[in-house]
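What follows is one structure encoded as structure tokens, with my remarks underneath.
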Amino acid sequence: MTTSTDSRSGGKDAVQRFGRFLSAMVMPNIGAFIAWGLITALFIKTGWLPNPLLGGFEDAAGQTHTGLVGPMITYLLPLLIAYSGGKLVADHRGGVLGAIAAMGVIVGTDIPMFIGAMIMGPLAGWVIKQFDRAVQHRIPAGFEMLINNFSAGIIGALLAILGFYAIGPVVEGFSALISGGVQWLVSAGLLPLVSLFIEPGKILFLNNAINHGILTPLGTQQVAEAGKSLYFLLEANPGPGLGVLLAYWAFAKGTIKASAPGAAIIHFLGGIHEIYFPYVLMRPALLLAVIAGGMAGIATLVALGGGLVSAASPGSIFAILALTPRDAFLANILAVVVAAAVSFAISALILRGATYTEDDLAAAQSGSKAMKGGPAASAPAVASSGVTTDVSDLGARPVRKVVFACDAGMGSSAMGATGFRKKVQAAGLPIEVTNTSIENIPADADIVVTQQNLTSRARSKQPGAQHVSIDNFVGNPIYDRMIDELKAGVAAPVAAAAVSGAQPAVQVVQGEQVAQAASAVAAPQATAAQPGREPSSVLRRENIRLGLSSESRDEAVRRAGEMLVASGYVDPEYVPAMLQREEVVSTYIGNGVAIPHGVDEAKARIKSSGIVVNQYPQGVDFDGQTAYLVIGIAGQGGDHMEILANIAGALEDEQTAAHLARTADPDEIYRAFTGA
């Protein structure tokens, strides 16, 4: 029984990892897809503002123009996807090889080569990564740049030729097969049946993989042929989820009733569909409602000729309307309304008279996190040491770089890196300590430190590194154990070298050299404020609020987000992205502190770096941990890192953190966090 369960769980995790990998190639480039969609909607022959020079069609004089639409879909978008795919596997070098290799499939076929780019990008990254590993210890000194450049050129050229003659034609045939199958479903009136797979897949957090990994490439190709595509609305239609939330509001009993309207607003207007998944999980029979709603919406789109010109991301009604061509407004709006109405009607029958509480929602959210790869209820308990990984062998091999990684790379990991960097400097270790997002973990990382529910992603990103899994980043006692192991690892080769007379592989730098090396390592993170920029522009005294009454986690996060908006640091759309972050992974970092901030995709909503501080003497529950200081963060570039380093330093000490959680003087917090 256990083996079967573990096998199913492993299979689900594998599917989710593959889906995340697919969507990770497309999502960073959604802005380019939207730009292309807007240009298409405005300037093609049937667009809002037909323009032959921009839209690429024959003008009144009979001259045919290239325009922007064709080159962008033929070259720009596939190359961006291929670069992103290669970079996921082998950083920038892999991205460059991915773009070179993708040119082969692009030129060798007559259709937009998105699927080919999603194959060639990662393949090129994998090939160059294997080559680099094979030769890394065999390159003569002084020939590194020559070999690196020529190997990239030769391998890239060979892969481009492979794509031209072999992979491109296969992908073209596969695309024709898929297109024919979809056309058969449409002509047979069976396309609504795809909701049987899409809606349950969304609840399993495959929504981004389905939308951006599968439907976006298909839809973009269809837009090139027909000017719009209903593929973009198969998953992004907010109607099914809206119907469920409205039914909870209208018919459910208990405290859960009050949370549904707010969730509906975030879902429908903000486009954060993940917020309704726990509501479905509370009553799994509601899958019938969202499936039926999805089917009704698709049937409406097919009947009335609906569709979008590009992917709507996030799936907000505003994004949908902005990307609707002028001949599809009625169809698209009705598709949303009909989907919501059908979902609402079925949900009402299921929910009528049922009583639910916030505890039921919390349990469903926990299950939802487990499905997404978050901390599951069945996960091993975190030891009191704060670590879930054995660190006794960290010094077994030379360590030159330690990387702290989190989902976005701008908040909790930065604070963890700051605290650990100080310990490394104090120990006189010649080790670089930095922080980054999970997706950008460098290839030369020797040790990667992540929160426990992100470790599997980090390990798949950089399997060659040693991984330390922790439960919080600030004040974690595991850091001292790590330092002891690293010191022992450095001391061993030094002692062995002293006996043998050989030069150690990792030299211990002493005295002034240690200070210089540590300063050089710390400089990019700890002193990244822009020249002439005062810390007070990032954290202002008026953005420190003391003595707030205890409230729910979401209310506290929303309050911090609204303060960031009011101070001009972020757009209002950043607030729902902060709430989404809490569903991905808790922003509680230890010592009574939480640092809510937006998901990685929300960085575009940041106007300038800003930090706000709210003090809750009675505390706020962050997924079982009590936060007394809730520090809202919007980080753009590195100009918030100086204050973040000060915050990390102040809060590393448990007594200091406890004092700041009780102080009635905002200047104490301001001085501690800005170094003023």
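The values are calculated or read from the model by the stated rules, or taken from the named source; none is laboratory data. The shown structure was predicted, so the numbers you read here are calculated from the model rather than taken from an experiment. All Cβ positions, glycine included, derive from the backbone under ideal geometry; neighbour counts span all protein chains shown. In case anyone asks, the SASA skips ligands and DNA or RNA and just uses the protein heavy atoms, side chains included. Shrake-Rupley method; radii C 1.70, N 1.55, O 1.52, S 1.80 Å.
Applying both filters, DSSP loop and at most 15 other Cβ atoms within 10 Å, to the trypsin sites (Lys or Arg not before Pro) of the stretch 574-676 gives K607, R662. Using the Cα gyration tensor of the stretch 296-340, with a ≥ b ≥ c the square roots of its eigenvalues, what is the shape: rounded (a/c below 1.5), prolate (a/b larger than b/c) or oblate (neither)? It is oblate, given that a/c is not under 1.5 and a/b is not larger than b/c. Charge dipole (Cα centre; +1 on Lys/Arg Cβ, -1 on Asp/Glu Cβ; no other charges) of the stretch 89-234 amounts to roughly 240 debye. Label positions at L193 and L269, each projected 7 Å from the Cα along the C-beta direction, are separated by 4.0 nm. Taking chymotrypsin sites (Phe, Trp or Tyr not before Pro) across the stretch 133-197, the ones in a DSSP loop with at most 16 further Cβ atoms lying within 10 angstrom of their Cβ are F143. Placing dummy labels 7 Å off each Cα toward the beta-carbon, the span from H92 to K45 is 4.4 nm.
Please give me the summed charge of the neighbours of P596: other residues whose Cβ is under 11 Å from its Cβ, Lys and Arg +1, Asp and Glu -1.
Residues near P596 contribute +2 overall.
By the Cα gyration tensor, the stretch 412-482 has an equivalent ellipsoid whose semi-axes, rounded to whole angstrom, run 19, 14, 10 from largest to smallest.
Summary of packing: across the peptides 84-94, 463-473, the per-residue average of other C-beta atoms within 10 Å ranks them, highest first, as 84-94, 463-473. Atom-type composition of the exposed protein surface of the stretch 98-173 places 72 percent of the accessible area on carbon and sulfur (1.4 angstrom probe). Taken over the alpha carbons of the stretch 147-300 as equal point scatterers, the Debye sum produces base-10 log I(q)/I(0) values at 0.11, 0.13 Å⁻¹ of -0.57, -0.71.
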